[in-house]
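Below: the structure, in structure tokens.
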Amino acid sequence: MKPQNRRSFLKTVTRGSAGLAVLPNLMSATSLFGASTPGKRIQVAQIGCGRMGRGDMSDVMAHPLGRLVAVCDLDSNRLTAGRKLAVEHYQKQGESGVDVQTYHDYREVLARKDVDAVVITVPDHWHALLAVEAALAGKHIYVQKPVTYDVAGAIALRTAVEAKGIILQTGSQQRSENPWGSFRAASEAVRNGRIGTLHTIKIGVGLDNPSGHRPAPQPVPATFDFERWLGPAPQQPYMELRVHPQDSLSGRPGWITTEDFGLGMITNWGAHHIDIAQWAMGQELGGPSAIEARAGFMKDDAWTVHRDYHVEMQYPNNVRVILDNEFETGLRFEGSEGWVFCTRGSAKVTASDPNAPADANRALRASDEKILSPLGGNATRWMPSKQHHLNWLESIAANRQPIAPIQQSARSLQACYAAWLGMKLKRKLVWNAALERFDGDAAANALLGRKARKPEYDVQAVLKRAGLVKG
């Protein structure tokens, strides 16, 4: 796709109502930009080889369209384990002499001309800078959710992706059919008026518990580049509880529950569920107008994020979105003619994930079974997407938008981040979705981005050097 074609299309989309159905994931796979399939497999590099990274690697390698050729990590133990996972995968397919290169510095990965795409599975505070540099290097991107740490980062990433014509897929896998088709079914039912006029969405995103340990600095392991790992985040001593386990590849990392690196469940699982809520109500390119939130925060603990929470957001068409730690994990859409509920089912991704119903069959339920009956031929339907990573690879091959593009994931992040700011500021906030900032609130707007610890980690400076922003 030529960059100008993409920019023209996006300009046309964003001029109209955010609720219009002229959005990438509402169209067929080839209806946007045609197809220009590369003559070779898509060469992919994995950046970040921890718990989620290993899952992303396996999902990419499962599809013949993609070929994993490199892995990168700042922890040499994880780097070695990541290469081993890739090599053994291809060896089991009968290959010998498998070539998977290892890298400490992601910039060396981006400099490789033969790498077509990168999967970015690093802590949230690194998403924006790394993904922007990948886009500027001409690499297609799969980046985990939340798409960035803050609002300024999301806008910067969208700017780079659109300027370079990059195919970016956000790891909002609840949009794809497997393994959680319940979210597609429920959101399509809502979008097509099956519950009448939508008025309320109740969302549960689980609850983080304190670590039970006071902050205690530790020596940095010889196998880990903690200084580089900190990147744009504030300077601080190393604590294993705030980074990732040294003795495990599967344990949930502590950075998720440390505000300098991730904002807790409101952006961690909130990015998943708010994304589905906005999808269902036609606000993929919109957002809330008002936010009121309260929360308790961890104190005198290694972890620092919120615990209990209650958030209320007002959306267009008089829809109220409520998040509360007492709600069952998932989304309950309530309308004038009934309700529908969706969640992931009984399986947990990790032991610390939110509670799920014991009965997997209760992952999708409604006040009336007719709400979930098959949709007619003229109904609004989401883009086909059997599996999230495959959708990304196929989108690269077809040169078209994937099912979870940056234009929409940036908006999901904005809603989650606004909820977090409401928790911190303890007052009502008025969000202007058109301008992507708060109305008449200089103090809140000053917190939409965070100053980088060092100039080398300043994503805005990277955009300026690329000629994409003025100043």
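Given the structure, is Ser289 polar (S, T, N, Q) and out of contact with any strand residue (DSSP E or B) (no Cβ under 9 Å at 6 or more places or on another chain)?
Numbers: polar (S, T, N, Q): yes; out of contact with any strand residue (DSSP E or B) (no Cβ under 9 Å at 6 or more places or on another chain): no.
So Ser289 fails the test.
Being farther than 30 Å from Arg252 by Cα and either among the charged types (D, E, K, R) or assigned to a loop (DSSP other than H, G, I, E, B) (or both) holds for only one residue in Gly282, Gly345, and it is Gly282.
Screening Asn178 against (1) under 27 Å from Asp56 (Cα atoms); (2) assigned to a loop (DSSP other than H, G, I, E, B); (3) touching a Pro at 6+ places or on another chain (Cβ under 9 Å); (4) not charged (D, E, K, R) leaves a single unmet condition, (3). Among the residues of segment 354-368, those that are at pLDDT 95 or above and charged (D, E, K, R) comprise Arg365, Asp368.
Just to be sure, is Asp75 at pLDDT 95 or above and exposed (fewer than 15 other Cβ atoms within 10 Å of the Cβ)?
Working: at pLDDT 95 or above: yes; exposed (fewer than 15 other Cβ atoms within 10 Å of the Cβ): no.
No, not satisfied.
Here Ile141 passes the criteria (1) under 21 Å from Leu393 (Cα atoms); (2) surrounded by fewer than 22 Cβ atoms within 10 Å (Cβ to Cβ); (3) not small (Gly, Ala, Ser) except the one numbered (2).
For segment 81-140, the set of residues classified as among the basic types (Lys, Arg) and touching a strand residue (DSSP E or B) at 6+ places or on another chain (Cβ under 9 Å) consists of Arg83, Arg112, Lys139, listed by residue number.
Of the numbered criteria (1) among the small types (Gly, Ala, Ser); (2) touching a strand residue (DSSP E or B) at 6+ places or on another chain (Cβ under 8 Å); (3) crowded, with 24+ Cβ neighbours inside 10 Å, the one Ala295 fails is (3).
For segment 216-233, name all the residues that are part of a loop (DSSP other than H, G, I, E, B) and touching a Phe, Trp or Tyr at 6+ places or on another chain (Cβ under 9 Å). Steps first, answer last, please.
In the first step, residues of segment 216-233 are kept if they are part of a loop (DSSP other than H, G, I, E, B); the result is 216-223, 225, 231-233.
Listed by number, the residues that qualify are Pro217, Gln218, Pro219, Val220, Pro221, Gly231, Pro232, Ala233.
Checked against (1) at pLDDT below 95; (2) within 26 Å of Leu130 (Cα to Cα); (3) not aromatic (Phe, Trp, Tyr), Gln43 meets all criteria but (1).
Taking the criterion of being surrounded by fewer than 16 Cβ atoms within 10 Å (Cβ to Cβ) and modelled with pLDDT of 95 or more, would at least one residue in segment 329-351 satisfy it? For segment 329-351, residues surrounded by fewer than 16 Cβ atoms within 10 Å (Cβ to Cβ) and modelled with pLDDT of 95 or more: present. Residues that are within 21 Å of Trp279 (Cα to Cα), part of a helix (DSSP H, G or I) and in contact with a strand residue (DSSP E or B) (Cβ under 6 Å, 6 or more places away or on another chain) within segment 389-437 comprise Trp392, Ile406, Ser409, Ala418, Ala419, listed in sequence order.
The values are calculated or read from the model by the stated rules, or taken from the named source; none is laboratory data. Keep in mind that what you see is a predicted model, and the values were worked out from it rather than measured. So basically every Cβ, Gly included, is an ideal-geometry build from the backbone, and we count neighbours across all protein chains shown.
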